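Chemist: Please see the structure below; I have some questions.
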Amino acid sequence: MQRSRYVILATVLATLLGGCGSGDDQASSTANPSWVSAQSAAPSASVSASPSPSPPASSSPSAAATTDWAAQSKKLNAALAKVPGSFSVAVLDKKTGKKYAYRGTVSFDTASIVKAQILACMLLHDQTAGHAPTASEMALAKPMIRLSDNNAASSLFQHVGGRSGVGACNRKLGLTHTTVNSAWGLTKTTANDQTRLLSEFVDTAGPLNSASRKTIFELMSTVSSAQDWGVPSVAKSGETATVKNGWDTRSADGGLWAVNTIGRLTDDDVNVSIAVLSHDNKSMQAGITLVQKVAKQTRQSLGY
């Protein structure tokens, strides 16, 4: 996956920060059900042209299998308690079933990570209707995930039934601590629920069929290089990273930023879901630095 995020991100950040004023007002408006944040509709960045790899399927033991998560968790909790900022993190190792969470039940605004949820709901909607995603649906789903296009997200959010439709979908996906808002980016969720969602994206016994799981993988593994931060920043050589990031600043929050990252890391030995949620960041870059620091520290401590 392309790692030129830091060069391109500087340009994108300047664009985002320049347009955050109107986004703040629209995000808090009850008259407009579609959430338009400081996150711009479609940053001008190219999507990686390399073909999407197939979702890994391996029964090899995970590196985490040799790590005592119970012992490491206590040390990690103490270390994270010293990290400045308001955040939570959860990790789920699909191979071993091991879980870790720090403030995993605390609610945070989703910002645009909810777009992964909307994608899953679109696919479940089509499964129920007995057909594959239509060309028009995919024309919205691709920029929604790869470019974090807000207009595309608003269209698909309404397409799957808005707040009630996504709420019903969440119950199918087992999200018990996620509360959908009609202004979709203000949906409340927890790090634990997000790792549960990520796990459903690869669960062969879950509600998403193989075609739907493949679609999610292909889109989340080919986000624009400008948005290839967060979870991918802790990927090791040879690993495949999927990601959906979210960021927002609102006048109601005093201009502070919510910055979130969710995604998965996979190779022959690793099959891990990660969610890091944060708010009250002084800037978008400060939030990115925080979530990447937490993801890195979590990986180093748990040894996955």
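Chemist: Note down all Cβ pairs under 7 Å where the first residue falls in the range 67-94 and is under 15 Å from residue 278 (Cβ atoms), the second is exposed (fewer than 11 other Cβ atoms within 10 Å of the Cβ), and they're at least six residues apart or on different chains.
Modeler: none
Chemist: Give the residues of the range 45-63 that are touching a helix residue (DSSP H, G or I) at 6+ places or on another chain (Cβ under 6 Å) and either modelled with pLDDT of 50 or more or part of a strand (DSSP E or B) (or both), sorted by residue number.
Modeler: 47, 55
Chemist: What residue, of 237, 251, 233, 182, is crowded, with 18+ Cβ neighbours inside 10 Å and not acidic (Asp, Glu)?
Modeler: After ruling out the rest, the residue left standing is 233.
Chemist: So is residue 210 surrounded by fewer than 24 Cβ atoms within 10 Å (Cβ to Cβ), small (Gly, Ala, Ser), more than 30 Å from residue 129 (Cβ to Cβ) and out of contact with any strand residue (DSSP E or B) (no Cβ under 8 Å at 6 or more places or on another chain) or not?
Modeler: Here the answer is no, as residue 210 does not meet what is asked.
Chemist: Right, next: Taking into account only those residues within the range 187-220 that are hydrophobic (A, V, I, L, M, F, W, C) and not in a helix (DSSP H, G or I), which is nearest to residue 266 (Cα to Cα)?
Modeler: Out of the qualifying residues, it is 202.
Chemist: Name the residue that is farthest from residue 273 (Cα to Cα), counting only residues in the range 99-126 that are among the polar types (S, T, N, Q) and surrounded by fewer than 24 Cβ atoms within 10 Å (Cβ to Cβ).
Modeler: 107
Chemist: Within the range 275-300, which residues are over 16 Å from the mean Cα position of the chain (by Cα), within 22 Å of residue 70 (Cα to Cα) and surrounded by 19 or more Cβ atoms within 10 Å (Cβ to Cβ)?
Modeler: 298, 299
Chemist: So which residues in the range 228-260 are in a strand (DSSP E or B), closer than 13 Å to residue 278 by Cβ and not polar (S, T, N, Q), if there are any at all?
Modeler: 246, 247, 248, 257, 258, 259
Chemist: Is it true that some residue in the range 258-270 is among the acidic types (Asp, Glu), surrounded by fewer than 24 Cβ atoms within 10 Å (Cβ to Cβ), over 20 Å from residue 112 (Cα atoms) and in contact with a helix residue (DSSP H, G or I) (Cβ under 6 Å, 6 or more places away or on another chain)?
Modeler: yes
The values are calculated or read from the model by the stated rules, or taken from the named source; none is laboratory data. The structure presented is a predicted model; accordingly, all values stated were derived computationally and were not measured. As a convention, Cβ positions derive from the backbone with ideal geometry for all residues, glycine included, and neighbour counts pool all protein chains shown.
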